[in-house]
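Below is one structure, written out as C-alpha cells; comments come after it.
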Amino acid sequence: MDRDIAAVVVGDVMLDSWLRGPVRRIAQEAPVPVVSVEATDEAPGGAGNTAANLVALGARVRLVGALGDDACAGRLTRALALLGVDARLVTVPGRRTPHKQRLMVGEQLIARYDEEDREPVTGAAEERIIAEIEGALPGADVVIACDYGGGVCTPAVRRALAEVPMLVVDAHAITPWRECGPAAVLPNYGEVLRLLREDGDVADRVSFLTERSAALLEGSGAGMVVTTLDGEGTLLHRPGRAPYRTYAEPAPDHMATGAGDTFTAAFALWLAGGATPEQAAQAAQAAAGVVVRRPGTATCTRQELLRALRQAQGRPDGLVQGADRLAQRLDEHRRRGQRIVFTNGCFDVLHRGHVTYLEKAARLGDVLVVAVNSDASTARLKGPGRPINSCEDRMSVLAALNYVDYVASFEEDTPERLLRMVRPDLYVKGGDYTADMLPEAPLVRAMGGEVMVLDYVSDRSTTAIIDRVRSLPPELP
C-alpha cells in the first residue's frame, strides 16, 4: 500500500475515557473499593478511533458523524483535531455526545459507565449529516461505515452511501446494509449469529463458520465477509473460495478495546491500496496486534504496522512455530495451492553446506519448513559435547535466512510426528546417501509426497568444522 489514499468515515463517534488510580480503602456506604483517580486518558472512540487509525496509517481522512451540544463534544472535537482528522461533525441540540468511561486499578477494569442517546438522528440534523457526506465523498478511494447503533446510520444515511464503489461496513446489525451491496462487512461472532439467525453455542467456531460461508455472503449481500473471532483471529469469506484465516495473539479483554476499529481501518486502507483481500486481512490482523499491547484506546502507525508484518512473516522470530500452530498455518498455504517442502537436521554449527542445500530446497516449492532436533535429540545422535549451540539459538539463526519460511523443533530421534502433521509435498535431505536410505521415506510416500536428496557442498560439515576447532593449539597466555 504505497499510494496516498483518501478515506471517508461515516458513523457513530464517541469519546473514550480511562480513569486510573489506586485503591486504598473500602467505602463506608457499601463494600466497594474507593478508587483515588490520579490520571485520566481520553481518546476518540468508535468511528473516531477508526478515523484516527486511518490517519496514523497514512491516509487522508474525512469523518462525518454527530455530536451533542455538551462539554464532552468540545473535548472530542479537540482530540480529533490533534490527531489530524478532518472532522465534519453535526451538532444535534439536546443530544448527549456518546461518552464511555472506564475505571481502572492497575490492569484491572473495575467498572464502565456510558452516557449516550441512541435514538436515530432525524429532521434537520439528519439532512445536515447527509449533506456533509455528499460533500466528503468526491475523491474518496474508500468509505467506511461504523454503525454501532448510535443513531447516525439511519435509512436515509445508508441510501446516501448505496452508490459508493468501495464501501466497507463495520456494523452491529449487518442486515440493514444489505441493500447497499457493500464491498466488505466485518461482523463479530455475535453479529454473525444474528445475521444467520442461529444459536452458535459451539466449541469449534471456525468450523461452524466455514460451513456457513456461502450463507454469510448471501445474507450480507457483500462482496466479502470478515468474521472477527477475538483471540481466535478472523475468517475471510469470499465467493467460490475456502475461507482464509488469520491468527491473533491472545490479549486480556480490556486490552482489546478499539482493536476492532484498528482492524477495520487497516483492512479498508490496504484493500483500497490494491492489496488482495487476504493481504488486507493479514495487515489488519497485524495492526490489531499492535494496539492490543497498549493500554486504553490506541492507534497503529504505518511504520509500526510494516514492522509487525515483517515480524509476522518471520524475520526472524515470527516463523518459529509450535507443531499445532505450524500445522494450522500450513493448511492455509495448502488451500492456496502452494507446494510445501520439508527438511530436518541438527544444524548445530550452520555452515556453507547447510545454506546452499537449504536454498536449493526452497527453490523446489513455495514454502520451506525446517525441523530442528532438540538438544536432547541432538545429544543422542551426535554424542557427548553436542550440541554446541542450543536449540533456541539454532532455530533463531535458521529463521533469519530469507528463504526459510517456518522453523519447528522435535524431541524424537526422527521427525516422523512432525511429518504426519505437516504432510509435505516434498521431503528433502542434504547428504551423501540415497532417498531409499532415509527411514522417513516410506511415510512421506505413503502420504503422497516425494523424497529427494541434495548434496552438501564438498568438504563442508559440522563435524569437520568442530574437529578443526578442537585441533587448534591452545591459546598462549
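Coordinate-derived values only; no laboratory data. Not measured: the values here are computed from a predicted model. Don't worry about glycine lacking a Cβ; one is built from the backbone with ideal geometry, like all the others, and counts go over all protein chains shown.
By a straight-distance test (C-alpha under 29 Å), which lysines pair with LYS429 as possible cross-link partners, with residues fewer than eight away in the same chain excluded?
Counting by Cα, and skipping residues close in sequence, LYS429 has these lysines nearby: LYS360, LYS382.
Sticking with the crude label model, points 7 Å out along Cα→Cβ, report the distance from ASP4 to ALA376 in nm, one decimal please.
The two pseudo-label positions are separated by 6.1 nm.
What distance in nm lies between label points placed 7 Å from Cα along the C-beta direction at ILE110 and ALA242?
Output for this residue pair reads 5.0 nm.
Between ARG335 and GLN101, 0.36 nm times their residue separation minus their Cα-Cα distance comes to what?
79.8 nm
Can you sort VAL143, VAL168, VAL292 so the residue with the fewest Cβ neighbours within 10 Å comes first?
By the 10 Å Cβ count, ascending, the order reads VAL292, VAL143, VAL168.
Quick one: the Cα spread of the range 151-221 along its three principal axes, in angstroms, biggest first?
Each principal axis gives a Cα extent; for the range 151-221 these are 40, 24, 14 Å.
Efficiency by 1/(1 + (r/R0)^6): what FRET value for THR40 and MET437, r their Cβ-Cβ distance, R0 = 60 Å, to the nearest 0.05?
Computed FRET efficiency for THR40 and MET437 comes out at 0.30.
Could you give the nm distance between label points at ASP324 and ASP204, where each point is 7 Å from its Cα heading toward the beta carbon?
Using points 7 Å along Cα→Cβ, the separation is 1.4 nm.
Could you work out how far helix 47-56 tilts from the main Cα principal axis of the chain, as a 0 to 90 degree angle to the nearest 10?
With both axes taken from Cα atoms, the answer is about 50 degrees.
Tell me, THR257, THR40 in order of fewest to most beta-carbon neighbours within 10 Å?
In increasing order of surrounding Cβ atoms, one gets THR40, THR257.
Taking Cα Rg over 2.2 N^0.38 Å straight from the coordinates, which label in [x] 1.19; [y] 1.01; [z] 0.94 is the correct one?
Correct label is [x].
With runs of 4+ DSSP H residues as the only contributors, calculate the mean residue ellipticity of the chain at 222 nm using -39,500 (n - 2.57) per run, divided by the residue total and rounded to the nearest 500.
-10500 deg cm²/dmol
Looking only at the chain, where both bridge partners belong to it, what percent of the DSSP beta bridges are antiparallel (to the nearest 5)?
Approximately 35 percent, going by the DSSP bridge assignments.
May I ask you to compute the full-extension gain from LYS360 to ILE388, defined as 0.36 nm times their residue separation minus their alpha-carbon distance, rounded to one decimal in nm?
Full extension from LYS360 to ILE388 adds 7.5 nm.
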